[in-house]
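Q: Quick one: the structure is below, and I'll ask about it shortly.
The values are calculated or read from the model by the stated rules, or taken from the named source; none is laboratory data. This structure is a prediction, so every number in the text was calculated from the model and none was measured. Because the Cβ atoms are built from the backbone with ideal geometry, glycine has one as well, and the counts that use them run over all protein chains shown. Ligands, DNA and RNA are excluded from the accessible area calculation, which covers all protein heavy atoms including side chains. Shrake-Rupley method; radii C 1.70, N 1.55, O 1.52, S 1.80 Å.
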Amino acid sequence: MTTGEIFAGVMFLWAMFQQYFPPYIQKYSQKLVSFVYPYIQITFHEFSADRWKRSEDYVAIENYLTASSSTQAKRFKAEIIKDTQSVALSIDDQEEATDEFQGVKLWWASNKSTPKNQSISFYPVADEKRCYKLTFHKQYRDLIVGAYLNHVLKEGKAIAARNRQRKIYTNNQSQNWYGYKKTVWSYVPFEHPATFETLAMESKKKEEIVNDLTIFCKGKEYYSIIGKAWKRGYLLYGPPGTGKSSMIAAMANLLNYDIYDVELTSVKDNTELRKLLTQTTSKSIIVIEDIDCWHNLAGQRKKKEKEKEKEESKEKIIPKKGKESESESESKESNVTVSGLLNFIDVLWSACGEERLMVFTTSYVEKLDPALIRRGRMDNHIELSYCCFEAFKVLAKNYLDIDSHSLFPTIERLLEETNMTPADVAEHLMPKSITDINPETACLEDLIQALESAKELEGRVKAEKEAKEEEEGEEN
């Protein structure tokens, strides 16, 4: 009989004893057993008591056991790593694995428990609790609790960093947070190819942004010294089509971070927002795009107050049934408030995790509450404007693989005279036909034609505006 079989038998007998003997007998028996049974057991639960966030220690242990050689385990869970031929193995539920550290043998067990009070449930997995249990001889307590566990956690995090597949997450509606296959975030692999080299903007501005991001990602000790949370906020603003989403992708690729794309209209209230954001991880970018479109920030508060006054004045006319249906529709709207978002940025943002960026994007910065975008919340304000000639040359290299052309001077002159977004310029640089003998020239000529049309349209609009202003002046 092996040591593992003896150990398993002892644990089975002990479990039966705990179930069928009264607590006062167990109390004295435990003291007796402690003299005879020389082993200590430490439990690492998958979730904390509030079950809001998965334990980082549990994940690190899982990674460590996945990579370590399990000489005694016979049942494994397998996961194929994307874009590789390798299979990641971890010990299955109710299975045991052995490890050795500085000549000391230890036992790891993966446990899954269900509630003792069984009840009929459509989602039984929601009530399951998982944990890892570590068992070792008590004479090695200091070694295991100190050096060994530090080694396990360090190696587990290093393994996660090596095998990490970056993801882009989006939040689910709260009714999908609980029950079978419960999840707060859904994700897909992040495979956006954008880099700062391919971004259509001035090289000087790109260099400034890259330097700022590089200093941030290497600034753990600096942020600790100055007493600030290791986080930074960015506000990206400019007309639609100026590359705000591409900028976020380039930031993620530069830093090797995940992206959490928050859809505020799917968040019911401030409590859900806190829960949602506390389940983000370090080395991530939390993004709220087009924040000016969010009803609580788009200058709608005064408008809503006026509408409320009008509705109250019509209250006697509105049928009761209609009022109920209206209140039901209002309850489905997001009740996240400006103060709730500010509270997260100021309080939870400082206390929850580290090495994260928060990015807001907007096409109309003037609509935003100044308190939301002040320095300290949005530390770096980056304006992304219309396409300049330097940005055009980047696009020409990306799309046509050319550094110069006889039509470049004409395009430079037109870009100085009219406004066109990088997205529109890029569209005209896309080859339109596979039969073109000289696709580069065809694309550049198409762009010149579009710029001239845009210039002519801007001229007409400007002339009409001036004429209207003159008419109003004469009437006054």
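Q: How many of the residues making up region 444-476 are touching a residue at least 40 places away in the same chain (Cβ under 8 Å) and either part of a loop (DSSP other than H, G, I, E, B) or in contact with an Asp or Glu (Cβ under 7 Å, 6 or more places away or on another chain) (or both)?
A: Here the count works out to 1.
Q: Now for a separate question. Provide a single number: the residues in region 418-434 that are farther than 22 Å from LYS204 by Cα and in a helix (DSSP H, G or I).
A: 3
Q: Same structure, new question: Which members of region 222-255 meet the condition of being assigned to a loop (DSSP other than H, G, I, E, B) and either open to solvent by 20 Å² or more (accessible area, probe 1.4 Å) or farther than 14 Å from LEU199 by Cα (or both)?
A: Once the filter is applied, which keeps residues that are assigned to a loop (DSSP other than H, G, I, E, B) and either open to solvent by 20 Å² or more (accessible area, probe 1.4 Å) or farther than 14 Å from LEU199 by Cα (or both), region 222-255 yields GLY227, LYS228, ALA229, TRP230, GLY238, PRO239, PRO240, GLY241, GLY243.
Q: Further, regarding this structure: Go over the candidates LEU400, LEU368, LEU372 one by one and state the one that is in contact with a helix residue (DSSP H, G or I) (Cβ under 7 Å, 6 or more places away or on another chain) and closer than 28 Å to GLU197 by Cα. Before the answer, list the steps.
A: Numbers: LEU368 fails: closer than 28 Å to GLU197 by Cα; LEU372 fails: closer than 28 Å to GLU197 by Cα.
Just a single option satisfies the conditions, and that option is LEU400.
Q: Could you pull out every one of the helices (runs of 4 or more DSSP H) wholly within region 262-361 that has 2 or more residues that are over 30 Å from ALA161 (Cβ atoms) and at pLDDT below 60? I'd like the intermediate steps shown before the answer.
A: Details: elements: 270-278, 301-313, 320-331, 338-343.
So the answer is 301-313, 320-331.
Q: Here's another thing I want to ask about it. Taking the condition of being exposed (fewer than 12 other Cβ atoms within 10 Å of the Cβ) and either of a type in the set (Ser, Thr, Tyr) or in contact (Cβ under 8 Å) with a residue 24 or more places away in the chain (or both), how many residues in region 426-443 meet it?
A: Number satisfying all stated conditions: 3.
Q: Separate question: Given (1) within 18 Å of GLU390 (Cβ to Cβ); (2) within 16 Å of the chain's Cα centre (by Cα), identify the lone condition not met by ASN253.
A: Status for ASN253: all satisfied but (1).
Q: Now, a different point. For region 129-151, how many residues are under 26 Å from the mean Cα position of the chain (by Cα) and either open to solvent by less than 60 Å² (accessible area, probe 1.4 Å) or on the phi > 0 side of the Ramachandran plot (or both)? Can you show your working first?
A: To start, the set of residues in region 129-151 that are under 26 Å from the mean Cα position of the chain (by Cα) comprises 129-131.
Those left that are additionally either open to solvent by less than 60 Å² (accessible area, probe 1.4 Å) or on the phi > 0 side of the Ramachandran plot (or both): 131.
Of the residues in region 129-151, 1 are under 26 Å from the mean Cα position of the chain (by Cα) and either open to solvent by less than 60 Å² (accessible area, probe 1.4 Å) or on the phi > 0 side of the Ramachandran plot (or both).
Q: Among the residues of region 351-363, what is the count of those that are out of contact with any strand residue (DSSP E or B) (no Cβ under 8 Å at 6 or more places or on another chain) and surrounded by fewer than 17 Cβ atoms within 10 Å (Cβ to Cβ)?
A: 1
Q: Moving to a separate point now. Return the residues of region 366-405 that are in a loop (DSSP other than H, G, I, E, B) and among the charged types (D, E, K, R); say none if nothing qualifies.
A: ASP369, ARG374, ARG375, ARG377, ASP379, ASP401, ASP403
Q: Now for a separate question. Just a yes or no: is a residue in region 406-425 among the polar types (S, T, N, Q), touching a residue at least 12 places away in the same chain (Cβ under 8 Å) and open to solvent by 80 Å² or more (accessible area, probe 1.4 Å)? Before you say what the answer is, go through the steps one by one.
A: Quick first cut of region 406-425, residues among the polar types (S, T, N, Q) only: 406, 410, 418-419, 421.
Subsequent filtering for residues that are touching a residue at least 12 places away in the same chain (Cβ under 8 Å) retains 410, 418-419, 421.
With open to solvent by 80 Å² or more (accessible area, probe 1.4 Å) added as a condition, the list becomes 419.
Yes, region 406-425 has at least one match.
Q: Let me ask something else. May I ask you to list the residues in region 191-217 that are open to solvent by 50 Å² or more (accessible area, probe 1.4 Å), in a loop (DSSP other than H, G, I, E, B) and farther than 26 Å from LYS231 by Cβ?
A: Once the filter is applied, which keeps residues that are open to solvent by 50 Å² or more (accessible area, probe 1.4 Å), in a loop (DSSP other than H, G, I, E, B) and farther than 26 Å from LYS231 by Cβ, region 191-217 yields PRO193, GLU197, THR198, GLU202.
Q: Hey, another quick one. Among the residues that make up region 453-467, is at least one of them polar (S, T, N, Q), out of contact with any Phe, Trp or Tyr (no Cβ under 7 Å at 6 or more places or on another chain), farther than 28 Å from ALA194 by Cα and surrounded by fewer than 17 Cβ atoms within 10 Å (Cβ to Cβ)? Spell out the reasoning first.
A: First pass over region 453-467, keeping only residues polar (S, T, N, Q): 453.
Those still in the list that are out of contact with any Phe, Trp or Tyr (no Cβ under 7 Å at 6 or more places or on another chain) too: 453.
From the residues that got through so far, the ones that are farther than 28 Å from ALA194 by Cα too are 453.
Now drop any that are not surrounded by fewer than 17 Cβ atoms within 10 Å (Cβ to Cβ), which leaves 453.
Scanning region 453-467, I find at least one residue that is polar (S, T, N, Q), out of contact with any Phe, Trp or Tyr (no Cβ under 7 Å at 6 or more places or on another chain), farther than 28 Å from ALA194 by Cα and surrounded by fewer than 17 Cβ atoms within 10 Å (Cβ to Cβ), so the answer is yes.
Q: Anything in region 256-285 that is open to solvent by less than 20 Å² (accessible area, probe 1.4 Å) and either free of Cβ contacts under 8 Å to residues at least 40 places away in the same chain or more than 20 Å from SER174 (Cβ to Cβ) (or both)? List them, or say none.
A: Answer for region 256-285, where residues must be open to solvent by less than 20 Å² (accessible area, probe 1.4 Å) and either free of Cβ contacts under 8 Å to residues at least 40 places away in the same chain or more than 20 Å from SER174 (Cβ to Cβ) (or both): TYR257, ASP258, ILE259, SER284, ILE285.
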